[in-house]
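**Student:** Structure below; questions to follow.
The values are calculated or read from the model by the stated rules, or taken from the named source; none is laboratory data. Values in this document were obtained by computation on a predicted structure and should not be read as measured data. Every residue, glycine as well, gets a Cβ built from its backbone with ideal geometry; the counts of neighbours run over all protein chains shown.
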Amino acid sequence: MVNKIDHIGIAVKSIEEALKFYENILGLKSAGIEVVAEQKVRVAFLPTGDSEVELLEATSEDSPVARFIEKNGEGIQHIAYRVDNVEAAISEMKAKGLRMIDEIPRYGAGGAKIAFCHPKSTGGVLVELCQRG
Ligand code: ZN
């Protein structure tokens, strides 16, 4: 079902501040910043070989990213696996008894179709299924 790790989502207080490390020190290059209103976040993707780093900054106090930082501080928030068909992946997960946060795909940055699996079903990791193109 899973092709590869599509990206790693990292919650940050400020994308501009975080880019000092990712661009100036690691030498990655942001592919631009997008606001995803539905999830109340600003997002920057930094291509890293075959995968990407996704920096997530809350645009509102009730954003899931703001709540994550309040609880855990800045850091890795989720891991996204690339799938060919997110609807089929959701059905398969549910058939295998996995608890989904999203039973219907939602819009992800860059026009991806995404769905989150519940961390209680995945050993504590927030897992995103991500379909591109
Ligand atoms: Zn993501």
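**Student:** Considering only segment 16-40, state which residues are among the charged types (D, E, K, R) and in a strand (DSSP E or B).
**Tutor:** The one that is among the charged types (D, E, K, R) and in a strand (DSSP E or B): E34.
**Student:** Here's a follow-up. Report, ordered by the first and then the second residue, all pairs with beta carbons closer than 7 Å, sequence separation of six or more or different chains, a first member in segment 112-125 that is under 24 Å from A44 (Cβ atoms) and at pLDDT 95 or above, and a second member that is of a type in the set (D, E) and within 14 Å of the ligand (Cβ to nearest atom).
**Tutor:** Hits for this filter: I114/E128; A115/D102; F116/D102; F116/E128.
**Student:** List the pairs whose first member sits in segment 20-38 and is over 16 Å from G49 (Cβ atoms), whose second member is of a type outside the set (F, W, Y) and modelled with pLDDT of 95 or more, and whose Cβ atoms are under 6 Å apart, counting only residues at least 6 apart or on separate chains?
**Tutor:** Note: pairs meeting the criteria are I33/R42; I33/A44; E34/V43; V35/R42; V36/V43.
**Student:** Something else now. I want to confirm something. Restricting to segment 41-75 and keeping residues that are within 11 Å of the ligand (Cβ to nearest atom) and part of a strand (DSSP E or B), which single residue is nearest to N3 (Cα to Cα)?
**Tutor:** Among residues in segment 41-75 that are within 11 Å of the ligand (Cβ to nearest atom) and part of a strand (DSSP E or B), the one nearest to N3 (Cα to Cα) is E52.
**Student:** Restricting attention to segment 1-40, which residues are closer than 18 Å to K113 by Cα, hydrophobic (A, V, I, L, M, F, W, C) and within 14 Å of the ligand (Cβ to nearest atom)?
**Tutor:** I5, I8, V36
**Student:** Then there's this: Within segment 115-127, count every residue that is among the β-branched types (V, I, T) and either in contact with a helix residue (DSSP H, G or I) (Cβ under 7 Å, 6 or more places away or on another chain) or more than 14 Å from R82 (Cα to Cα) (or both). Quick ask: steps written out before the conclusion?
**Tutor:** First pass over segment 115-127, keeping only residues among the β-branched types (V, I, T): 122, 125, 127.
Okay, now just the ones that are also either in contact with a helix residue (DSSP H, G or I) (Cβ under 7 Å, 6 or more places away or on another chain) or more than 14 Å from R82 (Cα to Cα) (or both), so 122, 125.
Here the count works out to 2.
**Student:** Going residue by residue through segment 94-108, is there one that turns out to be more than 24 Å from L55 (Cβ to Cβ), touching a residue at least 12 places away in the same chain (Cβ under 8 Å) and surrounded by 15 or more Cβ atoms within 10 Å (Cβ to Cβ)?
**Tutor:** Yes, some residue in segment 94-108 is more than 24 Å from L55 (Cβ to Cβ), touching a residue at least 12 places away in the same chain (Cβ under 8 Å) and surrounded by 15 or more Cβ atoms within 10 Å (Cβ to Cβ).
**Student:** Then there's this: Is there any pair with a first residue in segment 1-18 that is closer than 27 Å to S91 by Cα and a second that is assigned to a helix (DSSP H, G or I) and of a type in the set (D, E) whose Cβ atoms are under 9 Å apart and which are 6 or more apart or on different chains, and what are they?
**Tutor:** Close Cβ pairs satisfying both conditions: M1/E92.
**Student:** Residue check: is F21 aromatic (F, W, Y), loosely packed, with under 13 Cβ neighbours inside 10 Å and farther than 15 Å from C130 by Cα?
**Tutor:** yes
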